[in-house]
Amino acid sequence: MKLLFVFSLSFAVFAQPPTSAPVLPSLWMGAGAAFNSAATPQVNGWFSYAQLLSQKQQIYSFSTHDITPLRVAGKLTIQDSTRTGFAIVVRQFGPLTTLGLCDAGIAATGTASGTSVSSAFSGGALAVYQIGKTDWTLEAGYRLLKTTSSQNVYEFGFGRTSK
(Lines give C-alpha, C1' and ligand atoms only; values in the text may rest on other atoms or scores of the structure.)
Protein backbone atom coordinates (compact mmCIF):
# COMPACT_ATOMS: atom_id res chain seq x y z
CA MET A 1 0.00 0.00 0.00
CA LYS A 2 2.87 2.38 0.80
CA LEU A 3 4.38 1.63 -2.61
CA LEU A 4 1.12 2.60 -4.35
CA PHE A 5 0.98 5.82 -2.31
CA VAL A 6 4.61 6.74 -3.19
CA PHE A 7 4.00 5.85 -6.86
CA SER A 8 0.87 8.06 -7.13
CA LEU A 9 2.58 10.87 -5.19
CA SER A 10 5.51 10.79 -7.65
CA PHE A 11 3.05 11.29 -10.54
CA ALA A 12 1.63 14.35 -8.80
CA VAL A 13 5.09 15.80 -8.11
CA PHE A 14 6.51 15.26 -11.61
CA ALA A 15 3.35 15.93 -13.62
CA GLN A 16 3.51 18.82 -16.06
CA PRO A 17 0.91 21.53 -15.52
CA PRO A 18 -1.48 21.96 -18.43
CA THR A 19 -0.39 24.62 -20.89
CA SER A 20 -2.58 27.65 -20.53
CA ALA A 21 -4.04 29.52 -23.46
CA PRO A 22 -2.79 33.05 -24.13
CA VAL A 23 -4.72 35.79 -22.40
CA LEU A 24 -7.59 36.86 -24.65
CA PRO A 25 -8.59 40.51 -25.08
CA SER A 26 -11.60 41.47 -22.98
CA LEU A 27 -13.13 43.59 -25.78
CA TRP A 28 -12.94 43.73 -29.57
CA MET A 29 -14.60 46.19 -31.94
CA GLY A 30 -14.36 46.01 -35.71
CA ALA A 31 -15.89 47.30 -38.93
CA GLY A 32 -15.48 46.70 -42.62
CA ALA A 33 -16.98 45.69 -45.92
CA ALA A 34 -18.27 42.38 -47.20
CA PHE A 35 -19.12 40.62 -50.43
CA ASN A 36 -22.75 39.58 -50.06
CA SER A 37 -24.33 37.19 -52.59
CA ALA A 38 -27.82 38.68 -52.13
CA ALA A 39 -26.88 42.38 -52.13
CA THR A 40 -27.36 44.70 -55.12
CA PRO A 41 -24.57 45.77 -55.61
CA GLN A 42 -22.96 42.76 -53.94
CA VAL A 43 -21.24 44.69 -51.17
CA ASN A 44 -22.40 45.59 -47.70
CA GLY A 45 -21.01 47.22 -44.57
CA TRP A 46 -20.78 45.72 -41.11
CA PHE A 47 -19.58 46.47 -37.60
CA SER A 48 -19.19 44.06 -34.69
CA TYR A 49 -18.55 44.15 -30.97
CA ALA A 50 -17.29 41.26 -28.83
CA GLN A 51 -16.96 41.07 -25.05
CA LEU A 52 -15.18 38.21 -23.29
CA LEU A 53 -17.56 36.21 -21.11
CA SER A 54 -15.18 33.44 -20.00
CA GLN A 55 -11.39 33.40 -20.27
CA LYS A 56 -11.27 29.73 -19.30
CA GLN A 57 -13.88 28.54 -21.84
CA GLN A 58 -12.79 31.21 -24.38
CA ILE A 59 -16.34 32.41 -25.06
CA TYR A 60 -17.33 35.88 -26.27
CA SER A 61 -20.66 37.65 -26.43
CA PHE A 62 -20.69 38.72 -30.10
CA SER A 63 -22.97 41.30 -31.74
CA THR A 64 -23.05 42.30 -35.42
CA HIS A 65 -24.87 44.95 -37.43
CA ASP A 66 -25.08 44.63 -41.25
CA ILE A 67 -26.23 47.29 -43.72
CA THR A 68 -27.12 45.62 -47.04
CA PRO A 69 -28.43 47.25 -50.24
CA LEU A 70 -31.21 45.15 -51.82
CA ARG A 71 -33.60 45.36 -54.74
CA VAL A 72 -37.19 44.86 -53.68
CA ALA A 73 -39.80 44.93 -56.48
CA GLY A 74 -37.20 46.56 -58.74
CA LYS A 75 -36.42 49.40 -56.30
CA LEU A 76 -33.20 49.85 -54.36
CA THR A 77 -33.70 49.66 -50.60
CA ILE A 78 -31.59 48.99 -47.51
CA GLN A 79 -31.79 45.97 -45.21
CA ASP A 80 -30.61 46.61 -41.67
CA SER A 81 -29.76 43.42 -39.74
CA THR A 82 -28.85 43.46 -36.03
CA ARG A 83 -27.92 40.22 -34.26
CA THR A 84 -26.29 39.04 -31.07
CA GLY A 85 -24.95 35.66 -29.99
CA PHE A 86 -21.74 33.86 -29.09
CA ALA A 87 -18.28 33.39 -30.54
CA ILE A 88 -15.97 30.62 -29.34
CA VAL A 89 -12.22 30.55 -29.86
CA VAL A 90 -11.49 27.49 -32.01
CA ARG A 91 -7.73 27.83 -32.29
CA GLN A 92 -4.89 30.31 -31.74
CA PHE A 93 -1.77 30.39 -33.87
CA GLY A 94 0.43 33.11 -32.39
CA PRO A 95 -1.18 36.43 -33.39
CA LEU A 96 -3.99 34.70 -35.37
CA THR A 97 -7.18 33.71 -33.55
CA THR A 98 -9.94 31.73 -35.27
CA LEU A 99 -13.47 31.80 -33.90
CA GLY A 100 -16.74 30.05 -34.64
CA LEU A 101 -19.87 32.12 -34.16
CA CYS A 102 -23.65 32.00 -34.23
CA ASP A 103 -26.13 34.77 -33.59
CA ALA A 104 -29.78 35.73 -33.94
CA GLY A 105 -31.74 38.96 -34.19
CA ILE A 106 -33.92 40.96 -36.55
CA ALA A 107 -33.69 42.39 -40.05
CA ALA A 108 -35.69 45.39 -41.26
CA THR A 109 -36.13 46.36 -44.91
CA GLY A 110 -37.73 49.57 -46.12
CA THR A 111 -40.30 49.09 -48.88
CA ALA A 112 -42.75 51.35 -50.70
CA SER A 113 -45.55 50.05 -48.47
CA GLY A 114 -43.60 50.48 -45.23
CA THR A 115 -41.03 48.53 -43.31
CA SER A 116 -40.75 44.76 -43.46
CA VAL A 117 -39.33 43.13 -40.32
CA SER A 118 -38.13 39.53 -40.19
CA SER A 119 -35.92 37.28 -38.11
CA ALA A 120 -32.18 37.09 -38.83
CA PHE A 121 -29.76 34.27 -38.04
CA SER A 122 -26.12 33.76 -38.96
CA GLY A 123 -23.32 31.33 -38.34
CA GLY A 124 -19.77 31.14 -39.57
CA ALA A 125 -16.11 31.57 -38.81
CA LEU A 126 -13.77 34.51 -38.28
CA ALA A 127 -10.01 34.93 -38.30
CA VAL A 128 -8.64 37.86 -36.31
CA TYR A 129 -4.98 38.79 -36.79
CA GLN A 130 -3.25 40.94 -34.15
CA ILE A 131 -0.98 43.50 -35.89
CA GLY A 132 2.39 43.39 -34.11
CA LYS A 133 2.27 44.43 -30.47
CA THR A 134 -0.48 46.98 -31.10
CA ASP A 135 -4.17 46.76 -30.21
CA TRP A 136 -5.13 46.86 -33.92
CA THR A 137 -6.39 43.80 -35.79
CA LEU A 138 -7.28 42.62 -39.27
CA GLU A 139 -10.38 40.45 -39.62
CA ALA A 140 -11.60 38.11 -42.35
CA GLY A 141 -14.52 35.74 -42.19
CA TYR A 142 -17.47 33.93 -43.69
CA ARG A 143 -21.07 33.88 -42.48
CA LEU A 144 -24.27 32.37 -43.78
CA LEU A 145 -26.86 35.03 -43.02
CA LYS A 146 -30.54 33.99 -43.14
CA THR A 147 -33.09 36.81 -43.29
CA THR A 148 -35.81 36.90 -45.93
CA SER A 149 -33.22 35.14 -48.13
CA SER A 150 -30.00 33.16 -47.64
CA GLN A 151 -26.94 35.36 -47.97
CA ASN A 152 -23.33 34.18 -48.25
CA VAL A 153 -21.25 36.93 -46.65
CA TYR A 154 -17.44 37.11 -47.05
CA GLU A 155 -16.14 39.94 -44.90
CA PHE A 156 -12.93 41.84 -44.35
CA GLY A 157 -12.21 44.63 -41.90
CA PHE A 158 -10.17 46.27 -39.20
CA GLY A 159 -10.63 46.26 -35.47
CA ARG A 160 -9.18 47.13 -32.11
CA THR A 161 -8.83 45.11 -28.94
CA SER A 162 -8.75 46.14 -25.31
CA LYS A 163 -7.28 44.13 -22.44
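Computed quantities for the displayed model
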item	result
Single residue of 83, 71, 91 found to be crowded, with 16+ Cβ neighbours inside 10 Å, assigned to a strand (DSSP E or B), of a type in the set (Lys, Arg) and in contact with a Ser or Thr (Cβ under 6 Å, 6 or more places away or on another chain)	83
Total residues in the range 65-94, condition touching a residue at least 60 places away in the same chain (Cβ under 8 Å) and over 11 Å from residue 39 (Cβ atoms)	3
Residues of the range 137-152 satisfying the condition of being touching a Ser or Thr at 6+ places or on another chain (Cβ under 8 Å) and either more than 22 Å from residue 42 (Cβ to Cβ) or of a type in the set (Phe, Trp, Tyr) (or both)	137
Any pair with Cβ under 6 angstrom, 6 or more apart, that starts in the range 125-151 at a residue that is in contact (Cβ under 8 Å) with a residue 40 or more places away in the chain and surrounded by fewer than 17 Cβ atoms within 10 Å (Cβ to Cβ) and ends at one that is in a loop (DSSP other than H, G, I, E, B) and not β-branched (Val, Ile, Thr)	149/38
Residue that is within 18 Å of the chain's Cα centre (by Cα), within 18 Å of residue 160 (Cα to Cα) and modelled with pLDDT of 95 or more, where the choices are 51, 92	51
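The values are calculated or read from the model by the stated rules, or taken from the named source; none is laboratory data. As the structure is a prediction and not an experimental result, all values here were calculated from the model. All Cβ positions, glycine included, derive from the backbone under ideal geometry; neighbour counts span all protein chains shown.
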